[in-house]
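Have a look at the structure below before the remarks.
The values are calculated or read from the model by the stated rules, or taken from the named source; none is laboratory data. Everything numeric in this text was worked out from a predicted model, so none of it was measured. Quick reminder, even Gly has a Cβ in these numbers, built from the backbone with ideal geometry, and neighbours come from all protein chains shown.
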Amino acid sequence: MKLLAGLGVALLIWASGLLAFAARVERSTPPGDPPDSDAVVVLTGGSAGRITAALQLLEAGKAKRMLISGVNRQVTRGQLQILTGADKPIFDCCVDLGFVAANTAGNARETADWARGKGYKTLILVTADYHMPRARLELKAAMPEAIVTPYPVETPELRASRWWATTESAERMAAEYSKYLVVLGRETLSGFGAERATASSGGAKS
């Protein structure tokens, strides 16, 4: 009975957190006029609207350069430029493609390596609205010194305001929330471990 009760409480807490997470996604909107930054970074996956939105920021002069992280190795620059309808001169001069990342953590590492290599400290992060909370956590872990402006792109097929209305959208939201919790837990434990290590080091010196 105690085990069942504990599982029931845990499920209730998880469900409450899911509702809060979904509400956060629903409220997320891109800033009307994001601050000028060193670069704009877009994480691939899902709708091509992410890349389109990032290119619009680049073409508007909101960043000096752009990284598309997680590009399929079989896609060429020319194909991507045509697919996105990007202005060719801007695409050729100012867009870099990252082929290494295979997941969100990989996106963050790829972004951090690229940005540090160019001396960039301010970034506009473009990804899907439901993906933004986890993407920001991963990027903060990989590059804590960066100032990141989130630029979430609406996911039409998810319909954040009615995510529960279809099995597909409900499963996607629940899966993303669960992944977010894993990253949040990992970073919380990592931070706790770092604090203990610092405290122990300080105690040893004294």
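Listed values, structure above:
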{"quantity": "Verdict on A108 being in contact (Cβ under 8 Å) with a residue 24 or more places away in the chain, buried (at least 18 other Cβ atoms within 10 Å of the Cβ) and assigned to a helix (DSSP H, G or I)", "calculated": "yes"}
{"quantity": "First in the range 54-75 and more than 20 Å from K118 (Cα to Cα), second anywhere and part of a loop (DSSP other than H, G, I, E, B), Cβ under 7 Å, 6 or more apart", "calculated": "R73/F99"}
{"quantity": "Those residues of the range 150-168 which are part of a helix (DSSP H, G or I) and buried (at least 19 other Cβ atoms within 10 Å of the Cβ), in sequence order", "calculated": "A160, W163"}
{"quantity": "Qualifying residues in the range 19-38 (those that are more than 18 Å from L55 (Cβ to Cβ) and touching a Pro at 6+ places or on another chain (Cβ under 9 Å)) - the one surrounded by the most Cβ atoms within 10 Å (Cβ to Cβ)", "calculated": "V25"}
{"quantity": "Condition check for I90: surrounded by fewer than 19 Cβ atoms within 10 Å (Cβ to Cβ), among the β-branched types (V, I, T) and at pLDDT below 95", "calculated": "yes"}
{"quantity": "Tabulated pairs, the range 1-18, first in contact (Cβ under 8 Å) with a residue 12 or more places away in the chain and under 22 Å from L181 (Cα atoms), second among the basic types (K, R) and assigned to a helix (DSSP H, G or I), C-beta under 8 angstrom, 6+ apart or interchain", "calculated": "none"}
